[in-house]
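K.L.:
The following block contains the structure, expressed as structure tokens.
The values are calculated or read from the model by the stated rules, or taken from the named source; none is laboratory data. Just so you know, these numbers come straight off a predicted model, no measurement behind them. Note that each Cβ is placed from the backbone with ideal geometry, even for glycine, and that neighbours are counted across all protein chains shown. Accessible surface areas use protein heavy atoms only, side chains included; no ligands, DNA or RNA. Shrake-Rupley method; radii C 1.70, N 1.55, O 1.52, S 1.80 Å.
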Amino acid sequence: MTGYAHKLLLGGKGQPVTMTALTNNETRPVLRTAYQKSIAAYWNAERDPVNMRLGAVDGLYHHHYGIGDVDPSVWEGPEKTRDERVIVELHRLESAQSEYLLDHLDGVTPEDRLLDAGSGRGGTSFMANKKFGCQVDGVTISSTQVEFANNQAADRRVADKVKFHYRNMLDTGFESGSMRAIWTNETTMYVDLFEAFKEFSRLLKFGGRYVCITGCYNDLTGGRSKAVIQIDERYTCNVHARSEYFRALAANNLVPINVVDLTAATIPYWELRAKSTVATGVESAFLTAYREGSFHYLLIAADRT
Ligand code: GPP
Ligand code: MG
């Protein structure tokens, strides 16, 4: 039998915060492996200006990259305000990526419920709630991100509809068939795809939609390139092969309806970011991997059959 327990945990600023953690009859911890603990530690400590400054533009904090052409006017105008123009433009491209993902959630109504698996600081969840007017639940194994995103929900006055939970996307504890759609926005590189898609398949209603945006390595170019290894190292993640996605979807009754290669669409974002004051050093690895063809930026939309 499944149930929930309220646990008192220490939040990012050392403040006690109440969180909902999954339990079964015996209490099972959200973080089950040394790897999961190291991922949580990375995200609990993360405060990079590339995310915090971009998020401060309009209060939507993203943990993914951008798509679309860069407006060349960022380089025009007074030099004094150029930095701010670049920040606003990077943020616009990241929000455009979320919008593109959400455009692939078919026929969602205000009565539906959606799951953001690996919800970060909540940016895409808030956009989904605004677009569809429905309930959105986000799960993440970073307690700091849960606290941050729930504070955002309160500030945005949507806490009744948008809720973030300290839970593991591999074992969310939500009811079977309760979700109209699920998305992962650059989070599947942290999980075993067969385990994750098994859980998503359980949660989705028949005909429900799963949308994934991810970076994956190219089966045709001989395993992980040096640039892909640098990306893994930077984020403590494990980029999967393109083929692995389709194997794991097929094994879990998730049938692709759209596959879009967004590689060309994300390169302008990385070129702009590389020239910005918030570059972190990972930009050259992404640009090399995309340009040499060892890595793709992919959207996959699939239906639960
Ligand atoms: C999160 O974005 C990034 C990842 C989960 C890394 C893996 C993504 C791939 C496509 C391989 P972020 O916004 O926190 O990263 P950054 O701090 O670099 O902006
Ligand atoms: Mg970022």
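K.L.:
For region 32-86: of the residues being among the aromatic types (Phe, Trp, Tyr) and part of a helix (DSSP H, G or I), which is farthest from ligand 1 (Cβ to nearest atom)?
P.N.:
75
K.L.:
Could you give me the residue pairs with C-beta distances under 7 Å whose first residue belongs to region 42-65 and is over 15 Å from residue 185 (Cα atoms), whose second residue is within 10 Å of ligand 1 (Cβ to nearest atom) and β-branched (Val, Ile, Thr) wherever it lies, and which are 6+ apart or on separate chains?
P.N.:
These pairs meet every condition: 42/236; 48/280; 49/278; 50/278; 50/280; 53/278.
K.L.:
Sort through 82, 121, 92 and tell me the only one that's open to solvent by 60 Å² or more (accessible area, probe 1.4 Å) and within 19 Å of the chain's Cα centre (by Cα). Spell out how you get there, then give the answer.
P.N.:
Values: 82 fails: within 19 Å of the chain's Cα centre (by Cα); 121 fails: open to solvent by 60 Å² or more (accessible area, probe 1.4 Å).
Criteria check complete, one pass: 92.
K.L.:
Counting only residues that are open to solvent by less than 60 Å² (accessible area, probe 1.4 Å) and within 19 Å of the chain's Cα centre (by Cα), how many does region 241-253 have?
P.N.:
Looking only at that region, the number is 5.
K.L.:
Within region 270-278, does at least one residue satisfy the condition of being of a type in the set (A, V, I, L, M, F, W, C), surrounded by 15 or more Cβ atoms within 10 Å (Cβ to Cβ) and within 18 Å of the chain's Cα centre (by Cα)?
P.N.:
yes
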